[in-house]
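Structure first, then comments.
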Amino acid sequence: MESNSFTLNSLSLGSSALVDKLNFEGSKKFRMIELGLVPGAVVRALHKSPSGDPTAYYIMGAVIALREEDAAKITLKPIEQGKAHCYNKVNT
């Protein structure tokens, strides 16, 4: 993992970042891609469930819930300052 990269489960609520890499194999990786978790996609952490797991994320116009163990396998990179306008607007 690069020094400025981090995993989805560590993304603070209300923060956004770019998907960098999916660390899954086979059908699980394909499912994540179907959900819109593709390199370069903007993801925003929205809410945690009352028990703390899963967490809701806004991705590609939809809200999806992921368990922490799955979110820990998705590597993100920060959106560079001054380049946020280049990415999809993320509204909640």
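Any read-out appearing in this document is the output of simple, stated calculations on the displayed coordinates, not a laboratory observation. Treat the numbers as computed from the prediction; the structure is a model and nothing was measured. Cβ placement follows ideal geometry from the backbone for every residue including glycine, while neighbour counts extend to all protein chains displayed.
Numbers below:
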read-out: Label-point separation, V38 to E25 (7 Å along Cα→Cβ), nm; value: 2.5
read-out: Within segment 6-80: Cβ-based charge dipole about Cα centre, in debye rounded to nearest 20 (Lys, Arg +1; Asp, Glu -1); value: 60
read-out: Interatomic Cα distance distribution for segment 6-80, bins of 5 angstrom, percent; value: 4, 18, 31, 29, 13, 4, 0
read-out: Greater than 18 Å apart at Cα, pairs in K21/K48; K28/K48; K28/K73; value: K21/K48; K28/K48
read-out: FRET efficiency, M60 to S10 (Cβ-Cβ, R0 30 Å, nearest 0.05); value: 0.90
